[in-house]
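Written out below as structure tokens is the structure these notes cover.
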Amino acid sequence: MTIKYRISCFDSEILVKETKEDGTPAFQVSIQHAANPLGFGNVLASYATEDQAILQANQFCRFYTKAKEQGYYLQSDCFVKPDKRDIPVSDVLENCNSEEDINRLLEVQ
């Protein structure tokens, strides 16, 4: 496993790690708490290309920043806020390609 990209995001780091599954490269986007730098982090998603994984890592960090500003926090595989519907990380990674998408996903909740 090789770290190909890393970005600081609040008290965490978003990592893109290259792995080999059945000899085929795959790129995992994961989040790792800064207090545990020796851990492997929690895998958020896997992608076929490094470019796609880096794009998703950056988009996830943008959403995470905006969500934290609005009182959400990351719990397991969802963004949660009292009295609001949980936002699954998978929705963020699949549906947040622009600032408008981020705002729309947060406003819908």
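Here, each number is a calculation from the coordinates, and none is a lab measurement. Keep in mind it's a predicted model, so treat the numbers as computed, not measured. Heads up, the Cβs are rebuilt from the backbone with ideal geometry, glycines too, and the neighbour counts pull from every protein chain shown.
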Degrees, to the nearest 10: 50-69 long Cα axis against longest axis of the chain: 30 degrees
Principal axes of the chain: Cα extent on each, largest first, Å: 44, 28, 19
Percentage of interatomic Cα-Cα distances in the range 26-81 larger than 18 Å: 40 percent
Tally of Lys pairs whose C-alpha atoms are under 22 Å apart, taken over the chain, 8 or more apart or cross-chain: 6
Point-charge dipole on Cβ atoms (K/R +1, D/E -1) for the range 68-109, about Cα centre, debye to 20: 200 debye
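So, with +1 on the Cβ of K and R and -1 on the Cβ of D and E, and no other charges, what is the size of the charge dipole of the chain about its Cα centre, to the nearest 20 debye?
Details: 11 positive and 17 negative charges, 55 e Å.
So the magnitude is around 260 debye.
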Positive-end residue, the range 29-97 charge dipole about Cα centroid, Cβ charges, pick of VAL80, LEU44, LEU55: VAL80
On Cα atoms only, tilt of 99-108 relative to the major axis of the chain in degrees: 50 degrees
Orphan Cys of the chain, criterion: no other Cys C-beta under 4.7 Å: CYS78, CYS96
